[in-house]
Amino acid sequence: MKILVIGSGGREHTMCWKLSQSARLEKLYAIPGNAGMSKIAECVSLDYESGFSHVAEFVRKEGIDFTIVGPEVPLVSGIVDYFEKRGLAIFGPSKRAACLEGSKVFAKRFLKKYGIPTPDFGVFSDSDKAIEYIEKKEKPVVVKADGLAAGKGSLVTSSKEEAVDAVKLIMEKRAFGDSGKRVVIEDRLWGKEISFFVITDGESVKPLVSSQDHKAIYDGDAGPNTGGMGAYSPAPIHPSLYKKIMGRIVFPTLRGMKKEERIYRGVLYIGLMIEEGEPEVLEFNVRFGDPETQVTFPRLKSDLLEVLLAVREGTLNQINLEWYPQAAVCVVLASGGYPDKYETGKEIKGLDNLARVKGIFPFYAGVRKEGERLLTDGGRVLGMTTTGKDLRRAIRSAYQAVEKIHFEGVYYRRDIGFKGLRP
Ligand code: GLY
């Protein structure tokens, strides 16, 4: 089969790496791809954010059989509906289902309507009213832009002053553009944050192995949120917690979406906070996580292409998802200054030494090739991923590999996976 992957990050490089192992793969394409993906896929530079006609035309011309969408922006804008209307096979939720990520207001109201646990909240389209609400709150809040904001639109605050500043930043200064026309103000929870993924064809539901992201920029979860500075898998989830997540959150969400005539097909990423053993939904994402994918797919024994095709064909019940037992860790190497301003174009050295080492997967994110040189090309540059017999060993080899990579200003957290060592 001819397969197209849309996206250019570490998640999409990992997808391509895993898809390239499929017995059914004939040719892999990526739009736009990156320097890592170009080793296994034909990368084509086409705009997929402002409209889908060029991509659909390309798919037809090349005779591509199946398209897999990595990032949320095209999903929320309706690429799946566009393709399906034209008879082109694609993996992901429809626009109406992708609202779970596209609008925080929709997601919170949906959760409330179906009695799915989530922190209390208010919705505001007027900043004065939002500030009034904050003044009356006794506990700290999280201020969230309604629309998409590249993972940076949720501002976790510790005081009323910080919360008011967050409202002004989102609603008045429009730091995230029109995504900040409305905000959700949510009670802040303290606990353990986990990423929970299920894949569903609308009928059958299968959880992926557990994983945990590290969103804050600094060690110990300090500093502003990023797209994700690292992840590990498996993340410890007690069977009783797993049962609560499936019974109180996953099934009611999928049932509710069906009832709303927004039937969900694809992968659903549920961001959860576990406080005193009780899970509450912080957010939904309608795609695979980045960098959670980097630690999930190296553990997947099953053929990824077969799994994704089964979602599209409604035959997921016939798939037995199989996993390798070892642990995986991904340490993100970022450009100095990220998630604020950073420079790009720095030469990356040391990757050649790692290219063929078993159990080490240097997944590329913001990397471009210039002649024979690899240059940094984004905030998150590489996701150094390793597998190991257990988490401790995977962490050790991830950091040994990270130390072999050099570029000016390189920054990475030094505590990725440590949470998993002391559950
Ligand atoms: N790991 C965060 C995200 O994928 O949004």
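The values are calculated or read from the model by the stated rules, or taken from the named source; none is laboratory data. All of these numbers come straight from a predicted model, not from anything done at the bench. As a convention, Cβ positions derive from the backbone with ideal geometry for all residues, glycine included, and neighbour counts pool all protein chains shown.
Residues in the range 309-337 that are assigned to a helix (DSSP H, G or I), out of contact with any helix residue (DSSP H, G or I) (no Cβ under 6 Å at 6 or more places or on another chain) and hydrophobic (A, V, I, L, M, F, W, C): Leu309, Val311.
Going by the conditions given, is Ser335 at negative phi, buried (at least 23 other Cβ atoms within 10 Å of the Cβ) and more than 16 Å from the ligand (Cβ to nearest atom)? Considered against the rule, which asks whether it is at negative phi, buried (at least 23 other Cβ atoms within 10 Å of the Cβ) and more than 16 Å from the ligand (Cβ to nearest atom), Ser335 comes out as yes. Within the option set Gly383, Gly378, being closer than 27 Å to Phe91 by Cβ and in a loop (DSSP other than H, G, I, E, B) holds for one residue only, Gly378. Filtered by the rule that a residue be within 21 Å of the chain's Cα centre (by Cα) and of a type in the set (Lys, Arg), the range 352-406 gives a lone residue, Arg380. Within the range 338-361, how many residues turn out to be touching a residue at least 12 places away in the same chain (Cβ under 8 Å), part of a loop (DSSP other than H, G, I, E, B) and among the hydrophobic types (A, V, I, L, M, F, W, C)? Result for the range 338-361: 3.
Every residue, every condition in (1) more than 21 Å from the chain's Cα centre (by Cα); (2) more than 21 Å from Glu72 (Cα to Cα), yes or no:
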{"residue": "Ile217", "(1), (2)": "no, yes"}
{"residue": "Gly227", "(1), (2)": "no, no"}
{"residue": "Ser240", "(1), (2)": "yes, yes"}
{"residue": "Ile245", "(1), (2)": "no, yes"}
{"residue": "Arg248", "(1), (2)": "yes, yes"}
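For the range 299-308, the count of residues that are within 11 Å of the ligand (Cβ to nearest atom) and either farther than 22 Å from Met384 by Cα or outside any helix (DSSP H, G or I) (or both) is zero.
Counting only residues that are of a type in the set (Gly, Ala, Ser) and within 20 Å of Val295 (Cα to Cα), the range 15-34 holds 3 of them. Counting the residues of the range 268-288 that are more than 10 Å from the ligand (Cβ to nearest atom) and either among the charged types (D, E, K, R) or within 16 Å of Gly256 (Cα to Cα) (or both) gives 9.
Listed here are the strands (runs of 3 or more DSSP E) enclosed by the range 184-245 that have at least 3 residues being touching a Leu at 6+ places or on another chain (Cβ under 7 Å) and away from the ligand (no atom under 16 Å from the Cβ), and there are none.
Please state which of the following conditions Tyr232 fails to meet, knowing it meets all the rest: (1) crowded, with 16+ Cβ neighbours inside 10 Å; (2) touching a Lys or Arg at 6+ places or on another chain (Cβ under 6 Å). Here Tyr232 meets the rest and fails (2).
Taken together, the criteria place Ile395 among residues that are over 18 Å from Trp17 (Cα atoms) and in a helix (DSSP H, G or I).
Is it true that Ser210 is more than 30 Å from Ala166 (Cβ to Cβ), of a type outside the set (Asp, Glu), in contact with a strand residue (DSSP E or B) (Cβ under 7 Å, 6 or more places away or on another chain) and surrounded by 18 or more Cβ atoms within 10 Å (Cβ to Cβ)? Here the answer is yes, as Ser210 does meet what is asked.
Annotation for the range 396-411: at least one member residue is out of contact with any strand residue (DSSP E or B) (no Cβ under 8 Å at 6 or more places or on another chain), touching a residue at least 24 places away in the same chain (Cβ under 8 Å) and among the small types (Gly, Ala, Ser). Could you tell me whether the range 50-73 includes any residue that is farther than 19 Å from Lys27 by Cβ, in a loop (DSSP other than H, G, I, E, B) and at pLDDT below 95? Yes, that holds for at least one residue.
Scanning the range 69-87 for residues that are more than 16 Å from the ligand (Cβ to nearest atom) and under 16 Å from Val267 (Cβ atoms) yields a count of 2.
Inspect all residues belonging to the range 257-266 and state whether any of them is within 16 Å of the ligand (Cβ to nearest atom), within 30 Å of Asp415 (Cα to Cα) and either in contact with a strand residue (DSSP E or B) (Cβ under 6 Å, 6 or more places away or on another chain) or not in a helix (DSSP H, G or I) (or both). No, the conditions are met nowhere in the range 257-266. Among the residues of the range 117-133, just one is out of contact with any Lys or Arg (no Cβ under 8 Å at 6 or more places or on another chain), assigned to a loop (DSSP other than H, G, I, E, B) and under 22 Å from Leu189 (Cβ atoms), namely Asp120. Checking each residue of the range 114-126 against the condition of being away from the ligand (no atom under 16 Å from the Cβ), buried (at least 16 other Cβ atoms within 10 Å of the Cβ) and without any contact (Cβ under 8 Å) to a residue 40 or more places away in the chain gives no match. Exactly one residue out of Lys136, Lys144 is surrounded by fewer than 22 Cβ atoms within 10 Å (Cβ to Cβ) and of a type in the set (D, E, K, R), and it is Lys136.
Scanning the range 401-412 for residues that are closer than 25 Å to Lys358 by Cβ and in a loop (DSSP other than H, G, I, E, B) yields a count of 6.
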